């Protein structure tokens, strides 16, 4: 049923219009009426009105002022103007303001009024159908893009290789250019999924995921651009980059993670363990950061963060120590062995160990050389060979530059 409001300062006109139509038979509720624009505006502000039939000349607030007020309130109300023959200029202005039709009061018949009302109702129905279709298409487009985005990110996390150009094209296509900045990973795992599902969501995992997504969005929006991934209702992965004005500080990152966890507990009774990747990484290194949070994840209230020497560094150091005698111990070889990118490994050494990869390997070689000189009868050229230097003269120069004395002075 459509709601109609009749506005006219002449009561007999209002009563005549109200009595000349079988409202229910044509899809209308019993109409309301008002004696001027002010009364009509009060009704419009407290009740839904689909169609207004209004006179133009009225005391206190006339029809033109009422039409302007309706448009200022941005109401989707159709307006039919009731006019006299000498008011055509007003009618023209009313139509310019968005009135959909007009009727000449001296000659209008019940069928004229009904036809104008039906036309207005059809216009409303068409607008609502169009809006519904647009909303439906927008929703489908959003869901399709989200599906493509999740597939792309999970493929990457699961180990699919993309070139730098392909990554740039993909993130641009999916309108996620922010992922080309410094990306971090936050990982959440349910402590007791069954309890949460039974107490809040009646076993509906889809509703839980929807609620978690909303809580995460509202919590993180002030701090970062982010994207939430979930393949199962008990685990959520959040990729995010801090807004430019936010500093890359561990305290802020811990605060964000704590707020997400606390809000999930408070509003959803959803207790989660949380882990946060320590080193900022590019999208190309998301897989490594994801695996890092998986290794850190522990149940309980604390937020796990990457230790000073993470598993990638430990693996790299073990491999370096086992191959110190080989002079081709480059970054690319070691990163390939532990299955991460060389750029990511290089950054980890600088951020976690505090020195560049090359400086670390050099230091490791020289420390091994000192140990061999003190504990064996090997000659200098043999020691140089044992720690990866093909040219023993170059080895002695590096040693003296590093320690300030030749290796022969070692006790």
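Overview of results
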read-out	value
Out of 357, 389, 373, sole residue that is out of contact with any strand residue (DSSP E or B) (no Cβ under 6 Å at 6 or more places or on another chain) and farther than 15 Å from residue 323 by Cβ	373
Residue within segment 29-50 that is in a helix (DSSP H, G or I), more than 47 Å from the chain's Cα centre (by Cα) and more than 22 Å from residue 121 (Cβ to Cβ) present	no
Test: residue in segment 368-384 that is assigned to a loop (DSSP other than H, G, I, E, B), modelled with pLDDT of 85 or more, surrounded by 14 or more Cβ atoms within 10 Å (Cβ to Cβ) and not assigned by TED's automatic domain parsing to the domain that holds residue 289	yes
Candidate set: segment 197-226, residues that are surrounded by fewer than 20 Cβ atoms within 10 Å (Cβ to Cβ) and touching a residue at least 60 places away in the same chain (Cβ under 8 Å); chosen: the one farthest from residue 267 (Cα to Cα)	199
Flag for residue 119 being outside any loop (DSSP other than H, G, I, E, B) and either on the phi > 0 side of the Ramachandran plot or touching a residue at least 12 places away in the same chain (Cβ under 8 Å) (or both)	yes
Residue 351 surrounded by fewer than 16 Cβ atoms within 10 Å (Cβ to Cβ), modelled with pLDDT under 85 and either on the phi > 0 side of the Ramachandran plot or in a helix (DSSP H, G or I) (or both)	yes
Residue within segment 309-328 that is at pLDDT below 70, closer than 16 Å to residue 345 by Cβ and in contact with a strand residue (DSSP E or B) (Cβ under 9 Å, 6 or more places away or on another chain) present	no
Residue match in segment 275-298 (condition: outside any helix (DSSP H, G or I), touching a strand residue (DSSP E or B) at 6+ places or on another chain (Cβ under 6 Å), at pLDDT 85 or above and over 27 Å from residue 315 (Cα atoms))	no
Output for segment 98-115, where each listed residue is touching a residue at least 40 places away in the same chain (Cβ under 8 Å), in a helix (DSSP H, G or I) and farther than 16 Å from residue 29 by Cα	110
Residue among 75, 5, 53, 95 that alone is farther than 20 Å from residue 109 by Cβ and either assigned to a strand (DSSP E or B) or not assigned by TED's automatic domain parsing to the domain that holds residue 112 (or both)	5
Count - residues of segment 151-204 that are out of contact with any helix residue (DSSP H, G or I) (no Cβ under 8 Å at 6 or more places or on another chain) and on the phi > 0 side of the Ramachandran plot	1
Residues of segment 347-389 satisfying the condition of being over 15 Å from residue 319 (Cβ atoms) and within 39 Å of the chain's Cα centre (by Cα)	347, 350, 351, 352, 354, 355, 356, 358
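The values are calculated or read from the model by the stated rules, or taken from the named source; none is laboratory data. These numbers come from a predicted model, not from an experiment. Please note: Cβ atoms are built from the backbone with ideal geometry, for glycine as well, and neighbour counts cover all protein chains shown.
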